Amino acid sequence: MTSKEITNSNSTNTYSGFFWVLICLFTFTLTACSDDNPINIEDEDPEETIEISAEFSVSNDEPTVGEEVTLDAGESTISEAGSSLQYSWTLIAPDNSEAELENTDAEETSFTADIGGEYEITLEVTFDDLTDTEEKVIEALAYEELNSNITENRTLFSNTLYRVTSGFVVSAELTIEPGTVIEFEENTGIQFNENSIIIADGTEQDSIRFTGTEQNPGHWDGLQVSGTESPNNIMNYVVIEYGGNRGFWTSSEVFANLTVGGRISSENARLQLTNSTLRHSAGVGMRMTNESSLQDSENNTYTQNEEAAVYTEANLINYLDSNSDYTGNENDYVAVSAAPVTETDRVWNALNVPYRINGTVVVNDINLTIAAGAEFEFTNGSALDYTGDETFLVDGNENNPILFTGVEKEKGWWAGVWVNDAENPDNRMNYVVMEYGGGDSFWSTHSEYANLIIGGRTETSDARMQVTNSTFSNSGGYGLKISGDGSNMPDSENNTYTENESGAVYLSANNMHHLDSNSDYTGNSSDFVRVTSTDVLGSQITWNKLNVPYRLSGSTVVREVELTINPGVEIEFTSGADFDVTDESIIKAIGTEEDNIVFTGTEEAAGWWNGMLIQSPNPANEMDYVTFEYGGGDSFWTGQDENANLIIGGRIADYEGFLNITNSTLNHSEGVGVYVRDHSTANADICDSNSFSDNQEGNCLVE
């Protein structure tokens, strides 16, 4: 903007002012001079300023070669009303261009871009001796059709608009300059095969764009990088949009803007994808197949796609990064198809959408870490199966738990997570939420289902998993199942098992010590922990008090173990069940007056369960404040002469027993309350230091 000052003077006023100044010089009284004849500076006219400004608009600031560009200086201004500006246009065209302005001194003019390149336009406006200018540079794109295979190394330039009129294959090195635009006609696409390298390295200011000639999802097929595993393949600051029409093979059911990999292992691909946007696909933004890889890929955006952000096989989940954005699609999830996950250690990152698992994903003998905050949705009947000697680490935190859930919030919707034949001591689940699983077994012969199964169906399929601060709910079976006598959950605590169809936990008696008193087992359809009969083995184990009973079925045998049963433990026995402490084992069941240990039946009927047999002679065996009731229903061997809630000693002399029992209650036996055999020993006051009631064959029998 340019301005000009114009000054107007009045001669009479100037003379008058000078005259009074002379009078004042000869007058001794300055005040009188000032008062009687003041100098009136307001009589002078104010200065006037004229301003002009050169401004113009461009009707087509991204022309293609052959298109007209109109320039309009109507936005230029002059501050003096009624005055007009003079215009002068200058055009500097690229070398070899013959473009000219239609008029160089009109308010509006135009020219036609005849070659690709930069066109520099200058507008000069003048008034009187005032001048102002404005300059603009526009870039015209040359136009080129692409419709045949590229078999020699080539570069695509940003000053050319490329239009793909027929799909083709690249089998050479293709470099694409920053700012390049490639348009695709309907049903066209580009495939990069095993002999190709793609280098599409844009910048934040000048991205590379693959788009449709029409802005409709599915207008063109998309890009496929297939069979090329060059480490130089890169797409950086790339926009791919309006593809995903029908894929690169007719049998495909998943269409995408970008497909990485082919149908078979020989078509695996490697690509670095960074800072890029994949949007408006008629299918998904990106699809990955087989053993392809996205090395060091991050900061991408997958949005406004009609199916989902990404479709990938399970063995490629680890290439998706947590810094990318997967939201804003018709379905906000990453679709994952079942495939074996093997060979290379993996980290599954937390995304801002869930992974949706379809089928059973088998992870075999690799270190697998699932990051805090990751979410997994499972389709009907799907599952996750981890097997092997490496580490399975599912480590959330209080603010970012890891979620395993069903697509539909129905009990038993998906099968669950199975940790099988995996005994690494570092296996851990912490702050995990697992819900709506337990819908099916992992084997056809399996009968009990759960959200989480630890261990296999054979003795060689034991597993180890520490579980802490986690919630298992809404299972079609149990919240947790520990399968196999050798499986374990060391140092597990602070878990919640609730709203499960069959119950909180299903496990064998040999695994009871893995349940802690700080966990919550309530709110299920049956509020108990179901325990199947087995030998209890080990060295020193403790059964903790839960806020529900243990429910034992069958015959449980404690062998060569020091077993401690804490105050408040309640064990319910199903019909015909029994409990045998043998082989030099030690049992210490020390309750308190306020918190008795209870052995009872699932039904309040005399003889409902067989009772407890102590045929270990260990002098450390001790019980205090224990309640026995509703036992004595059958002998431990055929031909047994007496039934009882509690029997000390075996049928023959070789099976001696010892027990010191005090302050305990033995009631409602179908036989006697307590029976001490002649070759076994109990405290001398056993009949006096305990209480008895409603025992059908007597209270205390000592041979």
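The values are calculated or read from the model by the stated rules, or taken from the named source; none is laboratory data. Every value quoted in this text rests on a predicted model; they were computed, and no experiment measured them. Note that each Cβ is placed from the backbone with ideal geometry, even for glycine, and that neighbours are counted across all protein chains shown. Note: areas computed on protein heavy atoms with side chains; ligands, DNA, RNA excluded. Shrake-Rupley method; radii C 1.70, N 1.55, O 1.52, S 1.80 Å.
May I ask you to list pairs of residues, at least six apart or on different chains, whose Cβ atoms are under 6 Å apart, with the first in region 470-488 being touching a residue at least 12 places away in the same chain (Cβ under 8 Å) and the second being surrounded by fewer than 24 Cβ atoms within 10 Å (Cβ to Cβ) and among the β-branched types (Val, Ile, Thr)?
471/433; 471/496; 473/498; 485/534
Kindly indicate whether residue 344 is within 18 Å of residue 393 (Cα to Cα) and assigned to a strand (DSSP E or B).
no
Within region 416-431, which residues are part of a strand (DSSP E or B) and either open to solvent by less than 60 Å² (accessible area, probe 1.4 Å) or modelled with pLDDT under 95 (or both)?
416, 417, 418, 419, 420, 429, 430
Is it the case that residue 656 is under 54 Å from the mean Cα position of the chain (by Cα) and over 23 Å from residue 513 (Cα atoms)?
Here the answer is no, as residue 656 does not meet what is asked.
Looking at residue 312, is it of a type in the set (Ser, Thr, Tyr), under 25 Å from residue 383 (Cα atoms), touching a residue at least 12 places away in the same chain (Cβ under 8 Å) and not in a loop (DSSP other than H, G, I, E, B)?
Here the answer is yes, as residue 312 does meet what is asked.
Tally time: how many residues in region 315-341 are farther than 13 Å from residue 274 by Cα and either of a type in the set (A, V, I, L, M, F, W, C) or in a helix (DSSP H, G or I) (or both)?
Counting residues in region 315-341 that are farther than 13 Å from residue 274 by Cα and either of a type in the set (A, V, I, L, M, F, W, C) or in a helix (DSSP H, G or I) (or both) gives 10.
Output the number of the condition that residue 551 fails; it satisfies all remaining conditions of (1) farther than 21 Å from residue 483 by Cα; (2) touching a Phe, Trp or Tyr at 6+ places or on another chain (Cβ under 6 Å); (3) basic (Lys, Arg).
Only one criterion in (1) farther than 21 Å from residue 483 by Cα; (2) touching a Phe, Trp or Tyr at 6+ places or on another chain (Cβ under 6 Å); (3) basic (Lys, Arg) is unmet by residue 551, namely (1).
Looking at region 612-629, is at least one residue in a loop (DSSP other than H, G, I, E, B), of a type outside the set (Gly, Ala, Ser), open to solvent by 40 Å² or more (accessible area, probe 1.4 Å) and within 28 Å of residue 516 (Cβ to Cβ)?
Yes, the conditions are met somewhere in region 612-629.
Checking residue 493 against (1) open to solvent by 50 Å² or more (accessible area, probe 1.4 Å); (2) touching a residue at least 40 places away in the same chain (Cβ under 8 Å), only one condition comes out false. Which one?
Residue 493 satisfies all of (1) open to solvent by 50 Å² or more (accessible area, probe 1.4 Å); (2) touching a residue at least 40 places away in the same chain (Cβ under 8 Å) except (2).
Does region 195-203 contain at least one residue that is within 20 Å of residue 61 (Cα to Cα) and surrounded by fewer than 18 Cβ atoms within 10 Å (Cβ to Cβ)?
No: zero hits.
Output the residue which, of all residues in region 459-497 that are over 24 Å from the mean Cα position of the chain (by Cα) and among the β-branched types (Val, Ile, Thr), is modelled with the highest pLDDT.
Ranking the candidates gives 482 first.
For region 681-703, which residues satisfy the criterion of being in contact with a Cys (Cβ under 9 Å, 6 or more places away or on another chain) and either over 20 Å from residue 650 (Cβ atoms) or exposed (fewer than 14 other Cβ atoms within 10 Å of the Cβ) (or both)?
687, 688, 690, 692, 699
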